[in-house]
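Data block below; observations after.
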């Protein structure tokens, strides 16, 4: 069973950073000083749990009326099992609940197809982050309640 939760307690938040360390630092050789940043303190961190065991994570940073989805990391053994898509859906739902207009992200180029299947559109030139080619992507969110047509 797969559950997505917002990391609230010390133990859940520690699991977020362990997962990111395993995927980004150990697997992809991202320098640790580039993996953790000042946005971690204000971000909402999401944790994917398979039968209670942490297997993936992602974060939502609010920037004005938009969200920045980032640090999406899924353990290798869990890839292709819907964990990443479930995390993205939960982050988008939280962004919509907060009334944000869109979600943006910086996708590793090899993951463009994954995000395109989830409704994201690439824009701008490719760029490098932590020695890895990235592409900016964006998805408009459906407007939530309160309007005359709702």
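Is it possible to state the helix-based mean residue ellipticity at 222 nm for the chain, with each DSSP H run of 4+ residues giving -39500 (n - 2.57), the sum divided by total residues, to the nearest 500 deg cm²/dmol? What is it?
Result for the chain: -7000 deg cm²/dmol, rounded to the nearest 500.
So what is the relative contact order for the chain, in percent, with contacts set as C-alpha pairs under 8 Å and at least six apart?
19 percent
Ranking 32, 132, 4, 91 by Cβ neighbours within 10 Å, fewest first, what do you get?
32, 132, 4, 91
If you restrict to DSSP beta bridges whose two residues both lie in the range 58-129, what percentage is antiparallel, to the nearest 5?
Of those bridges, close to 55 percent are antiparallel.
Given the Cα atoms of the range 53-117, and with Rh set as the inverse mean 1/r over their pairs in the Kirkwood sense, what is Rg to Rh to two decimals?
Result: Rg/Rh = 0.97.
Treat the count of other C-beta atoms within 10 Å as a stand-in for reagent exposure and order 109, 62 from fewest to most.
Result, fewest neighbours first: 109, 62.
What three numbers, in Å, describe the spread of the alpha carbons of the range 2-103 along their principal axes, ordered from the longest?
Sorted largest first, the three principal extents are 34, 31, 26 Å.
Among DSSP beta bridges whose residues both lie in the chain, state the antiparallel percentage, nearest 5.
Here the share of antiparallel DSSP bridges comes out near 90 percent.
Rule-based calculations on the coordinates, nothing more; no lab input. Quantities reported herein were computed from a predicted structural model and do not represent experimental measurements. So basically every Cβ, Gly included, is an ideal-geometry build from the backbone, and we count neighbours across all protein chains shown.
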